[in-house]
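Here's the structure, in structure tokens; my notes come after.
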Amino acid sequence: MNDWEIETDRLLIRPMQVDDAADWHRSRAAAPFDPLERSVEESIAVIAAMQRRAAPDSDGWQQFAMTAKDGSMIGDLGIRFSPPWNATAELGFALDPRWQRQGLCAEAVEAMVRRLFRNGRRLVAVTDARNRPAQRVLERRWFREEGRFVQSWRDGDAWFDEVSYARLASD
């Protein structure tokens, strides 16, 4: 197991591979807030580019597959690593609707939080203001609300707010 493979009671979290891209694409396309608009081929290219990075925690986004013990992908965690001087990582996540309401997302988020804090990082997360399930996961994992971005992103002709959360290693 490498340094970025995280095992919990029910899950394995690991850097995403190109073979995971179609499942990742399908899961993210089903997300109720900000679903994917890119093609499967573009999702494959995104994962392939991430695999070419020097290390999973190099500056930029890295996707981690959230898998059940049988190896089936049930969701993902996206981490945007900042340069070491900033010591901040941004966390995003999505869970396939078939696996929701079982505490799996909270389990995965907490496991990743513990791993990220090994490097002493400040963690942030931004959610669509309408996405109460994601906000509840963050709040249960001791993230605090830090602010609201009014009309910060657009989908077609509609503008939507986002809510910012953070957690410190000392929390």
For segment 134-155, pairs from a residue that is open to solvent by less than 70 Å² (accessible area, probe 1.4 Å) and assigned to a strand (DSSP E or B) to a residue that is at pLDDT 95 or above and among the polar types (S, T, N, Q), with Cβ under 7 Å and 6 or more apart or across chains, are Gly147/Ser164
Report yes if Leu12 is open to solvent by 40 Å² or more (accessible area, probe 1.4 Å) and part of a strand (DSSP E or B), otherwise no. yes
Report every pair of residues separated by at least 6 positions or lying on different chains whose Cβ atoms are under 9 Å apart, first residue within segment 1-13 and farther than 9 Å from Phe64 by Cβ, second open to solvent by 80 Å² or more (accessible area, probe 1.4 Å) and not in a loop (DSSP other than H, G, I, E, B). Met1/Glu7
If I filter segment 86-106 for residues that are of a type in the set (Ser, Thr, Tyr), open to solvent by less than 40 Å² (accessible area, probe 1.4 Å) and part of a loop (DSSP other than H, G, I, E, B), do I get at least one hit? no
Select from segment 107-133 the residues that are small (Gly, Ala, Ser) and under 21 Å from Leu11 (Cα atoms) and write down the one among them that is surrounded by the fewest Cβ atoms within 10 Å (Cβ to Cβ). Ala111
Counting only residues that are crowded, with 16+ Cβ neighbours inside 10 Å, touching a residue at least 40 places away in the same chain (Cβ under 8 Å) and not charged (D, E, K, R), segment 15-25 contains a total of 3
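Each row is one residue, and each column tells you yes or no for (1) of a type in the set (A, V, I, L, M, F, W, C); (2) more than 24 Å from Ala22 (Cβ to Cβ).
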{"site": "Ser43", "(1), (2)": "no, no"}
{"site": "Phe64", "(1), (2)": "yes, no"}
{"site": "Ser82", "(1), (2)": "no, yes"}
{"site": "Phe93", "(1), (2)": "yes, no"}
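The values are calculated or read from the model by the stated rules, or taken from the named source; none is laboratory data. Predicted, not measured: the structure shown is a model, and the values here were computed from it. Don't worry about glycine lacking a Cβ; one is built from the backbone with ideal geometry, like all the others, and counts go over all protein chains shown. Ligands, DNA and RNA are excluded from the accessible area calculation, which covers all protein heavy atoms including side chains. Shrake-Rupley method; radii C 1.70, N 1.55, O 1.52, S 1.80 Å.
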